[in-house]
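Beneath this line is the structure, given in structure tokens, with notes to follow.
The values are calculated or read from the model by the stated rules, or taken from the named source; none is laboratory data. Quick caveat: nothing in here was measured; it's all calculated off a predicted structure. Cβ sites come from the backbone with ideal geometry, for glycine too, and all protein chains shown count toward neighbours. Areas reflect the complete protein model, heavy atoms only, side chains present, ligands, DNA and RNA absent. Shrake-Rupley method; radii C 1.70, N 1.55, O 1.52, S 1.80 Å.
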Amino acid sequence: MRPFIVTELQAGKLPRWGLLLVCALYAVPGFVARDPWRKLDAAGFGIALTMMRGDSADWLMPNIAGQPVVGEGPLPFWIAAAFGRATHSLLGEHAAVRAAVLAMLAIGLVLVWYAIYALARRQGVQPSDPFGASASRTDYGRAIADTGLLVLMATFGLLLRMHETTAEPAQFAWIALFLFGCAQALERPAIGGALAGAAIAASLLTRGIGHAGALLVVLVALPLASRSFRLIGRRMLVFAAGSAVLLALPWPLALLNSLPGREHLAGWLAWNREALSGPTLDAIGYFAQTAPWFYWPAWPVALWAAYRWRGRWGEPAVALSALATLALGLRALLAPNGAEGWLLPATVPLAMLAAVGVPTLRRGIVNLIDWFAVTSFTLFSIVIWAYWIALMTGFPPRMAFRMRQIAPGFLPEGVFGEVVLGIAATAAWLLLVRWRVSRQPPMIWRPMVLSCGGVVLAWFLLMTLWLPVFNERNTYRDLSAELRAAYDAGDANAADCVVTDNVERAARASFYYFAQLPFAAFAEPGARCRWLLVQDNGPTARTSADARPGWQLLWEGRRRSDRDERFRLYRRGDDAPAGAEGIRRPAR
């Protein structure tokens, strides 16, 4: 078979400082100077916060201030809570959890780079060079790894989910660990297999059986698809199985030791069955509508790579990334409903597959990708600046009116630092564009520099200029202060507890964090609390409170940015009927 040849792009190294700077600008904004945001972000933080403040039962059975959360594995929150307990006196509870999530994101990016590097420096991926004039295997491997990391950070769908205090950044890291372990197994089957097995166990303890099963399918299929993996397959699988079983079993076994634990495990297993009950027409429709933009720009380059490597799909760099993409994509289709969380794991192997296809792109396609990135992200940054100026100055009036509806009655103050950072980021983008249009050697990673740089620019501008506005719109801080004041004014004492009716997870977590409310656990059948917190949504939130026999309405309030959400605090009267706490309903 004719050897693979790189004809148009060179394997020059991307400066280490440049790659590290891009990674920092991608990862850090979004984790600083903000509160827990509704909905998923605050709910995930609430689980870790409950572990930090709670006992062993809270660590075994994820919950938010006593409300069970059976649809989450404990591992990401163990990591966040352990780090939070160790550092909260220095950083504060929320900042400590954010730092732990940021660390998991950073570890995931590092593992992706090393996984691609281990595969790209293999002989089968290297370009033919009969005269010895091209880059060394190490330099070529680094160039491909740099490219893969840029593709990953340029992928649209990954951006927001990686900056929330949820399980998603941890699952991203476990996928990267699995791919890294498989790549290492080609040279060190025992170590690589153990790492891959550990990633399977971690996925089971994070996002459940579906993700772990998809990775297990990849591990079993690799020796069938690739001769290189076939040679080390038995040893790799043995160590992977041992590692996965050893690390995955302790949690469910610990749950079996108590009745509440067995009930939580049963709920977790039921959630797993429901999460694999697809495909449904809704899920397929969601996937078809969302995947094209969610995986952009990785998916067209990955398809090109699959085409150009036809006949050599058994090469480990192609087989591993393609099988993982297919398995994780199929897992997303098996979900009964559409959600970005199901799509997210496939971004990592898809970027790896795109990385081996970038060197084969023709010059015209490279130029098309570059100019699309220049045009779209330049226009997007202009829009971000224009609407921000309208918000701050009131001109043009129509634009200003629309932006002030995001957070009614709020106008950021003391924005000098944000403006300086935004100007610096915009200037850096213009310099990057100028560098690209100048006469430079056609490096392998060049087609993805502008795409990744544009995503980083847009995210950085949003997380500096617009961060105060987004924080005002999505936080429960001020509302929590009002709620706590009403609670204290209502003659609350240390023995009191609060039951809830239809309070969402994000709100419960925020009130637990900001207001320090002593919520009663849902598992306390004998609880008779003096306080009741109710959440009304939709048209009900705009009406007067319904009469509740035996309860006195002390307070009601809402966030200024949401008219369809209202909270009401009641205190039990002496004539309240017995068992009135039974109105508690699990939140959505």
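On the full set of protein chains, 1.4 Å probe, figure out the accessible area of V110 and give it in Å² to the nearest 10.
80 Å²
Relative to the longest principal axis of the chain, what angle (0 to 90°, nearest 10) does the C-alpha long axis of helix 416-437 take?
20 degrees
Starting from the Cα of S56, step 7 Å along the direction of its Cβ; do the same at A427; then give the gap between the two resulting points in nm.
Once both label points are built, they end up 5.8 nm from each other.
Could you give each residue of region 80-96 its phi-based ³J(HN,Hα) in whole Hz, using Karplus coefficients 6.51, -1.76, 1.60 with θ = phi - 60°, and x for Gly or Pro?
5, 5, 5, 5, x, 4, 6, 10, 5, 5, 8, 9, x, 5, 5, 5, 5
Ignoring ligands and nucleic acids, what accessible area does I389 show with a 1.4 Å probe (Å², nearest 10)?
Looks like 80 Å² after rounding.
What FRET efficiency, computed as 1/(1 + (r/R0)^6) with R0 = 25 Å and r the Cβ-Cβ distance, is obtained for W371 and L21, rounded to the nearest 0.05?
On the way: r = 24 Å, r/R0 = 0.96.
Result of the calculation: an efficiency of 0.55.
Would you work out the charge dipole size for the chain about its Cα centre, treating the Cβ of every Lys and Arg as +1 and the Cβ of every Asp and Glu as -1, and quote it to the nearest 20 debye? If you can, show how the numbers build up before the last one.
On the way: 55 positive and 39 negative charges, 392 e Å.
With only Lys, Arg, Asp and Glu charged at Cβ, the dipole is about 1880 debye.
Using a simple spin-label model with points 7 Å from Cα along the Cα→Cβ vector, what separation in nm is obtained for L91 and D564?
Computed distance between label sites L91 and D564 equals 3.5 nm.
What percent do you get for the relative contact order of the chain when only Cα pairs under 8 Å and 6+ apart count?
Values: 986 pairs, mean separation 103.4, N = 588.
After rounding, I find 18 percent.
Mind giving me the nanometre distance, one decimal, between the label points for A481 and L224, set 7 Å out from Cα along Cα→Cβ?
6.1 nm
Taking the 0 to 90 degree range and rounding to the nearest ten, how far is the long axis of helix 16-27 tilted relative to the main principal axis of the chain, both from C-alpha atoms?
Tilt of helix 16-27: around 30 degrees.
Assuming a ≥ b ≥ c are the square roots of the Cα gyration tensor eigenvalues, decide whether the chain counts as rounded (a/c under 1.5), prolate (otherwise, with a/b larger than b/c) or oblate.
oblate
Please give the length that would be gained between A82 and A33 if that part of the chain were fully extended, namely 0.36 nm times their separation in residues minus their C-alpha to C-alpha distance (nm, one decimal). Let's see the in-between values first.
Numbers: separation 49, 0.36 × 49 = 17.64 nm, distance 2.18 nm.
Once the chain is fully extended between A82 and A33, it gains 15.5 nm.
What do you reckon, how do H163, H88 stack up by accessible area (1.4 Å probe), largest on top?
Details: H163 5, H88 80 Å².
These residues rank, largest area first, as H88, H163.
For W296 and V419, compute 0.36 nm times the residue count separating them, minus their Cα-Cα distance, and round to one decimal in nm. Each step should come with its number before you reach the end.
Numbers: separation 123, 0.36 × 123 = 44.28 nm, distance 2.94 nm.
Contour length minus the Cα-Cα distance gives 41.3 nm.
At a probe size of 1.4 Å, how large is the accessible area of F401, to the nearest 10 Å²?
130 Å²
How far, in degrees from 0 to 90, does helix 477-489 lean away from the longest principal axis of the Cα atoms of the chain, to the nearest 10?
Result, in degrees: 20.
Quantify, in whole percent, the carbon and sulfur part of the accessible surface of the chain (1.4 Å probe; protein heavy atoms only). Don't skip to the answer; put the middle values down first.
Working: 16120 of 25180 Å².
Looking at the chain in its full context, I get 64 percent from C and S.
For Y476, Y117, give the ranking by accessible area with the largest first, probe 1.4 Å.
Greatest to least solvent exposure: Y117, Y476.
At 1.4 Å probe size, put R473, R548, R362, R273 in order of accessible surface, largest to smallest.
Numbers: R473 90, R548 65, R362 130, R273 160 Å².
The most accessible residue leads, giving R273, R362, R473, R548.
With r defined as the distance between the Cβ atoms of V238 and V110 and R0 fixed at 22 Å, what FRET efficiency is calculated, to the nearest 0.05?
Working: r = 27 Å, r/R0 = 1.24.
The formula returns an efficiency of 0.20 here.
So what is the accessible area of the chain per residue, in Å², with the probe set to 1.4 Å?
Solvent-accessible surface per residue comes out at 43 Å².
Quick check: from the Cα gyration tensor, does region 197-301 come out rounded (a/c under 1.5), prolate or oblate? Could you put the intermediate results ahead of the total?
Working: a/c = 2.73, a/b = 1.11, b/c = 2.46.
Here region 197-301 falls in the oblate category.
By its C-alpha gyration tensor, with a ≥ b ≥ c as the square roots of the eigenvalues, how is region 345-476 shaped: rounded for a/c under 1.5, else prolate for a/b larger than b/c, else oblate?
Numbers: a/c = 2.75, a/b = 2.01, b/c = 1.37.
Prolate.
Which of the cysteines in the chain are isolated, no other cysteine C-beta under 4.7 Å?
Lone cysteines by the Cβ rule: C23, C182, C452.
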